Every structure is written in structure tokens, then in C-alpha cells.
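Chemist: To start, I am sharing the structure in question, which I have written as C-alpha cells.
Only the coordinates and a few stated rules stand behind these numbers; no lab work does. Just so it is clear, the model here is predicted, and its values are computed rather than measured. Backbone-built Cβ (ideal geometry, glycine too); neighbour counts: all protein chains shown.
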Amino acid sequence: MSWKSIADLIAAEGQVAILGAPMEAGSVTPGRCDLAPETVRRALRRFSTYNVETGAELFFPIRDLGDVPVQGVSPAEGFEPIREAAAKSVAEHRLTLLVGGNNAVTRPAVHALGLPLAKVGLITLDAHFDLRDTAGGPMNGNPVRCLIEDGLPGINICQIGLAPFANTARMHADARAYGIGVYTMADCLERGILAVLNHVLARFVHLEALVVDFDIDVVDRSQCPGAPGARPGGMPVSMFFAAARRLAAEPKVKLVDLTEFDPSLDVSDITALTAGRWVCEVLAGFAGR
């Protein structure tokens with residue numbers, strides 16, 4: 001039987017959509033995250049639609065909405081184009097995969113749900129709090145603080161996979177003061193990622209919709225060389241995939257994003273293939289709804 005790849009599922013219509021947001025400006029660490037959406041699309045050709053572990057075949061069509069034209073623009077300038085394109089996708093699809101770009105795309109992604117922020121939950125898988133000051137405007141290091149300043153309650157945020165020696169005491173204190181749920185990398189390893197996620201989802205049972213930010217720098221540096229913010233001792237890639245599948249299976253999750261992948265730093269396509277497998281796991285999770 002001939003090979004069928006995930007890329008072969010791309011069609012004119014579908015319940016799931018992929019939208020690129022290649023924004024690289026406004027980054028704490030300048031790079032080429034704008035190259036990520038197209039790199040991820042190419043990687044999908046290297047994954048089959050069949051999962052030998054479960055015996056399940058992915059068969060449903062996926063709609064590719066192309067890229068929002070935000071290359072070279074600041075996060076402030078790119079906010080509305082990304083929000084508008086993502087909002088249209090959320091309205092027309094059961095799940096949207098927003099492929100960044102740097103982490104600044106998470107802010108318009110949350111607003112794209114079109115709900116009062118008090119009714120929205122944000123889950124981040126990230127080595128960092130993303131609570132840098134906003135005095136210089138939005139950037140990839142402060143989308144969580146921007147959202148809190150926009151009105152997203154801190155109790156509606158849970159951050160998973162936070163890394164030691166990658167944050168500040170002030171950010172940690174601010175997260176506690178805001179009521180953010182904080183789960184370190186040690187928590188994930190000791191409790192197991194599924195136990196952590198079940199605890200988070202139980203906390204958010206009263207909310208109407210969820211956004212999940214998958215900042216790929218949460219993954220261990222050895223398994224993710226194309227993420228400039230990744231650190232040794234980060235999340236094992238198998239745990240990252242398990243989280244993607246579990247969260248995508250949750251009906252309240254309307255949008256997931258993938259951020260902070262810089263293909264110019266990648267080695268032997270390791271991060272590109274990690275990102276491509278992330279798409280596969282999200283699709284597998286969605287298939288279980």
C-alpha cells in the first residue's frame with residue numbers, strides 16, 4: 001500500500017485548521033522564527049497517517065489557511081491581523097493550530113476566541129513565565145503579562161514545565177500574586193504529565209474555552225536545538241507529545257499554538273521533526289474527542 005502522509009490530509013475544508021503566524025520581530029532573542037510555519041508544513045510530509053502503537057489511522061481533512069502577513073512587523077502591529085485571522089478560523093473550525101512565530105502570537109490567539117477573558121483559560125507549556133515588563137510594549141517575553149493587563153484573570157492561567165535558572169524571583173512572586181497555577185519541570189517529572197494536566201483541567205472546569213500555548217523551548221535542549229530558549233533538563237519530548245495528545249482531546253480547547261521554533265538554529269531537522277510530530281499528536285488527540 002502506498003505511503004500516505006499527514007500532508008496528504010490537507011484539503012479545502014475540514015474541522016481542523018492550520019494557520020501560520022510567522023512573526024519574528026519583538027523577540028528578546030532575535031532569530032528566524034518566521035521560517036517555522038513553512039518548515040513545519042514540509043515536515044508533515046515525513047509523517048504517515050498511521051499510528052502503529054494504537055492501530056489508528058488519521059483520515060479527516062485538515063484545512064491549511066496559509067500565513068498571516070506579519071513578517072517583519074512588531075507584536076503590537078501584528079496583534080490585530082493575527083487576532084482577526086485566528087478568530088475567523090476559530091469560528092469555522094473545531095480546532096485551530098496556530099504555528100508561530102515567536103511567543104507574542106499567544107496574546108492575539110487568546111483574544112481570537114471572542115469571549116470575555118473571564119471565561120477563557122490559558123495553559124502554557126513553557127520553560128519561562130513570560131512575565132517580563134510591558135513598558136517597552138508587547139514582545140515574546142511578556143505575552144502572559146500582557147494578557148493579565150488586558151483583563152485575563154491570573155486564576156485562569158496555568159503554566160507547566162517552568163525551568164530552573166531560566167526565570168526570576170520577581171516573576172515567580174508575580175505569578176503567585178496573580179493566582180497563576182505554577183507547575184515546574186520537577187513537578188511534571190515527579191507527578192507525571194497526565195496527572196498535572198488532569199489537575200489543571202479540573203481547575204478550569206467552569207471556563208467556556210481554552211487556549212494552549214506550546215512554547216517548544218519547554219523541551220530539553222538536546223531534543224530541541226532549534227529552540228533558542230530551550231535548556232538542558234527540560235521536558236522529555238515524549239512527555240511533550242503526551243501533553244499535546246491529551247490537551248487536544250479536550251473539547252474546550254479551541255486553539256493551540258506552537259511557538260519559539262527557529263529553523264535557522266536546527267540541527268539535522270531534529271526540531272522540525274519534533275514540531276511535525278507535535279502536529280500528529282494534536283490531530284490524534286482531536287480524533288479522540
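Chemist: Which one of Gly137, Leu201, Val219 has its Cα pushed farthest toward the positive end of the charge dipole of segment 93-252, where Lys and Arg give +1 and Asp and Glu give -1 at the Cβ?
Modeler: Leu201
Chemist: Something else: Give the residue from Gly229, Leu258, Val52 lying farthest towards the positive end of the charge dipole for the chain; charges sit on Cβ (+1 for Lys and Arg, -1 for Asp and Glu) and the dipole is referred to the Cα centre.
Modeler: Val52
Chemist: Moving on to the next point. How far is helix 237-248 tilted, in degrees, relative to the longest principal axis of the Cα atoms in the chain, given as a value from 0 to 90 rounded to the nearest 10?
Modeler: So the helix axis and the longest Cα principal axis differ by about 90 degrees.
Chemist: Taking amide hydrogens as modeled 1.01 Å from N in the peptide plane, which residues meet the under 5 Å criterion relative to Asp215, leaving out close sequence neighbours?
Modeler: Leu125, Thr259
Chemist: Grab the chain and count how many Lys pairs have their alpha-carbon atoms under 26 Å apart, sequence gap of 8 or more, or different chains.
Modeler: Going through the chain pair by pair, I get 5.
Chemist: With a Förster radius of 35 Å, plug the Cβ-Cβ distance of Val182 and Asp8 into 1/(1 + (r/R0)^6) and report the FRET value to the nearest 0.05.
Modeler: Taking R0 as 35 Å, the efficiency between Val182 and Asp8 is 0.30.
Chemist: Sticking with this structure for a sec: Mind ordering 133-143, 234-244, 198-208 by average Cβ neighbours within 10 Å, highest first?
Modeler: Working: 133-143: 18.7, 234-244: 21.5, 198-208: 14.2.
Order by mean packing, descending: 234-244, 133-143, 198-208.
Chemist: Right, here's the next one. Any number yet on Rg/Rh for the chain, C-alpha, Kirkwood? Don't skip to the answer; put the middle values down first.
Modeler: Numbers: Rg = 17.2 Å, Rh = 18.5 Å.
A ratio of 0.93.
Chemist: I'd like the projected area of segment 1-152, averaged over all directions, using the convex hull of its alpha carbons. Report it in nm² with one decimal.
Modeler: Result: 10.2 nm².
Chemist: Another question, then. Dipole of the chain (Lys/Arg Cβ +1, Asp/Glu Cβ -1, origin at the Cα centre): which of Val110, Gly78, Ala244 lies farthest to the positive side?
Modeler: Ala244
Chemist: About the Cα centre of the chain, what is the dipole size in debye to 20, counting +1 per Lys and Arg Cβ and -1 per Asp and Glu Cβ, all else neutral? The partial results should precede the final answer.
Modeler: Values: 26 positive and 33 negative charges, 117 e Å.
About 560 debye.
Chemist: How much length would be gained if the chain were fully extended between Leu273 and Glu84, taking 0.36 nm per residue of separation minus their Cα-Cα distance, in nm to one decimal?
Modeler: 65.1 nm
Chemist: Hey, what angle do you get for helix 193-203 against the long axis of the chain, alpha-carbon based, 0 to 90 degrees rounded to 10?
Modeler: It is inclined by approximately 60 degrees.
Chemist: What does DSSP give for the chain in terms of the percent of beta bridges that are antiparallel, rounded to the nearest 5?
Modeler: Details: 3 of 40 bridges.
Roughly 10 percent of the beta bridges in the chain run antiparallel, per DSSP.
Chemist: Can you work out the Karplus-derived ³J(HN,Hα) for every residue in segment 104-121? Use 6.51 cos²θ - 1.76 cosθ + 1.60 with θ = phi - 60°, whole Hz, and x for glycine or proline.
Modeler: 4, 5, 5, 4, x, 4, 5, 5, 5, 5, x, 10, x, 4, 5, 9, 10, x
Chemist: Related question: Under the Karplus relation 6.51 cos²θ - 1.76 cosθ + 1.60, θ = phi - 60°, what is the ordered set of whole-Hz ³J(HN,Hα) values for segment 277-289, x standing for Gly and Pro?
Modeler: Whole-Hz 3J(HN,Hα) from phi for segment 277-289: 5, 4, 4, 4, 5, 4, 5, 5, x, 4, 4, x, 5.
Chemist: Another one. Quick check on the chain: helices-only [θ] at 222 nm, where DSSP H runs of length 4 and up contribute -39,500 (n - 2.57) each and the sum goes over total residues. Nearest 500, please.
Modeler: -10000 deg cm²/dmol
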